[in-house]
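**Q** Quick one: the structure is below, questions incoming.
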Amino acid sequence: RPALVPLAAPPLEIETEAAPARLARLLAATGHYWARIGEEAPHWSVLTNEAYRPERIAETEAQFYATGSSDVAILRAVLQRCGLRPRRFRRLCEFGCGTGRVTWHLARIFPQVVGLDISPAHLALAARWLAAQGIGNVELRQVTAQNLHPAEGYDVWFSRIVLQHNPPPVMLAILRAAFRGLAPGGVAIFQLPTYALGYRFVLEDYLAGRIGQHMEMHVLPQPV
């Protein structure tokens with residue numbers, strides 16, 4: 001059973017806004033890490049299971065990609081709870097598509113899928129996998145510090161186990177961009193942590209450290 005946050009837990013000190021220059025610096029650092037890990041251990045960086053390390057992925061690749069079906073099951077369940085059916089929607093945007101682990105399952109449900117990711121290596125692997133599966137209704141686009149959300153005009157926006165790896169100001173900027181691109185009547189389904197005991201984010205302190213060096217876990221407060 002997951003650990004629950006105590007009801008008496010205190011509020012967290014989390015800065016969620018950043019001036020454009022500082023936001024660009026945060027994005028650049030995040031992009032640097034994911035570009036590097038995308039080259040070194042792309043599948044493991046998506047699911048941090050030792051079975052998906054580079055030295056083992058040849059034997060576990062099919063298993064890795066099969067796990068994407070559970071994410072789609074979650075999406076279906078959320079839509080169902082809202083009284084909606086996937087066939088109502090035509091174009092889905094997946095933010096943080098990685099190597100296409102979930103993307104190819106989504107492409108079997110939605111007529112059009114656009115996958116966004118910050119790592120060129122991840123996108124290259126996604127393109128290879130999708131082509132090998134004969135899937136032709138997916139467009140892949142790279143997220144950059146200059147173009148945080150290179151897509152618009154979709155009626156479903158989906159992101160899971162992705163936003164949490166970005167500092168809070170970046171998470172908020174991504175969500176703002178995602179909502180701007182959502183078609184009227186569209187739906188956004190996403191996951192991110194809203195509380196973590198002992199977590200703190202002060203922008204100047206964070207920028208003074210060695211950023212973009214490892215896989216980070218962050219929080220965006222629920223009221224935000």
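The values are calculated or read from the model by the stated rules, or taken from the named source; none is laboratory data. In this text the structure is predicted, and so the values were computed from the model without any measurement. Because the Cβ atoms are built from the backbone with ideal geometry, glycine has one as well, and the counts that use them run over all protein chains shown. The protein model used for the area step is the full one, side chains on, heavy atoms only, and it has no ligands, DNA or RNA in it. Shrake-Rupley method; radii C 1.70, N 1.55, O 1.52, S 1.80 Å.
**Q** Output the residue which, of all residues in the stretch 147-164 that are touching a residue at least 40 places away in the same chain (Cβ under 8 Å) and polar (S, T, N, Q), is nearest to L220 (Cα to Cα).
**A** Ranking the candidates gives Q164 first.
**Q** Quick one: in the stretch 45-61, which of the residues that are free of Cβ contacts under 8 Å to residues at least 12 places away in the same chain and either aromatic (F, W, Y) or closer than 21 Å to H165 by Cα (or both) is surrounded by the fewest Cβ atoms within 10 Å (Cβ to Cβ)?
**A** The selected residue is E50.
**Q** Inspect all residues belonging to the stretch 163-173 and state whether any of them is open to solvent by less than 50 Å² (accessible area, probe 1.4 Å), farther than 18 Å from S119 by Cβ and part of a strand (DSSP E or B).
**A** Checked against the condition, which is being open to solvent by less than 50 Å² (accessible area, probe 1.4 Å), farther than 18 Å from S119 by Cβ and part of a strand (DSSP E or B), the stretch 163-173 yields no hits at all.
**Q** Right, another one. Please pick out the residue among A18, A41, A77 that is within 21 Å of D117 (Cα to Cα) and among the small types (G, A, S).
**A** Answer to the check: A41.
**Q** Still on this structure: Which one of these is assigned to a helix (DSSP H, G or I), open to solvent by 10 Å² or more (accessible area, probe 1.4 Å) and within 20 Å of M215 (Cα to Cα): R76, R25?
**A** Just a single option satisfies the conditions, and that option is R25.
**Q** In addition: Scan (1) in a loop (DSSP other than H, G, I, E, B); (2) at negative phi for the single condition G212 breaks and write down its number.
**A** Of everything listed in (1) in a loop (DSSP other than H, G, I, E, B); (2) at negative phi, G212 misses just condition (2).
**Q** Please state which one of G198, G136 is under 19 Å from I109 (Cα atoms) and either open to solvent by 20 Å² or more (accessible area, probe 1.4 Å) or in contact with a Pro (Cβ under 9 Å, 6 or more places away or on another chain) (or both).
**A** Testing whether each residue is under 19 Å from I109 (Cα atoms) and either open to solvent by 20 Å² or more (accessible area, probe 1.4 Å) or in contact with a Pro (Cβ under 9 Å, 6 or more places away or on another chain) (or both) leaves just G136.
**Q** Then there is this: Are there any pairs with C-beta distances below 6 angstrom linking a residue in the stretch 67-94 that is charged (D, E, K, R) to a residue that is at pLDDT 95 or above and in a helix (DSSP H, G or I), with the two at least 6 apart or on different chains, and if so which?
**A** What qualifies is E94/T103.
**Q** Would it be correct to say that A178 is open to solvent by less than 10 Å² (accessible area, probe 1.4 Å) and aliphatic (A, V, I, L, M)?
**A** Against the criterion (open to solvent by less than 10 Å² (accessible area, probe 1.4 Å) and aliphatic (A, V, I, L, M)), A178 qualifies.
**Q** Among the residues of the stretch 104-121, which ones are within 12 Å of the chain's Cα centre (by Cα) and not small (G, A, S)?
**A** First, pick out the residues of the stretch 104-121 that are within 12 Å of the chain's Cα centre (by Cα): 115-119.
L116, D117, I118 - these are the residues of the stretch 104-121 that are within 12 Å of the chain's Cα centre (by Cα) and not small (G, A, S).
**Q** Another question about this same structure. Filter the stretch 132-151 for residues that are within 16 Å of G38 (Cα to Cα) and assigned to a strand (DSSP E or B) and give the result.
**A** Listed by number, the residues that qualify are L140, R141, Q142.
**Q** Still on this structure: Looking at (1) over 17 Å from the mean Cα position of the chain (by Cα); (2) crowded, with 19+ Cβ neighbours inside 10 Å; (3) in a helix (DSSP H, G or I); (4) of a type in the set (F, W, Y), can you tell me which one W129 breaks?
**A** So the condition that W129 fails would be (2).
**Q** Still on this structure, I have one more. Looking at the stretch 169-180, I want the residues that are touching a residue at least 60 places away in the same chain (Cβ under 8 Å) and have a partner that is open to solvent by 20 Å² or more (accessible area, probe 1.4 Å) and acidic (D, E) with Cβ atoms under 9 Å, at least 6 apart or on another chain. Which pairs are those?
**A** Filtered contacts from the stretch 169-180: P169/E15; P169/E17; L172/E17.
**Q** Next question, about the same structure. Considering every residue within the stretch 30-47, establish whether at least one is at pLDDT 95 or above, in contact with a Leu (Cβ under 6 Å, 6 or more places away or on another chain) and part of a helix (DSSP H, G or I).
**A** yes
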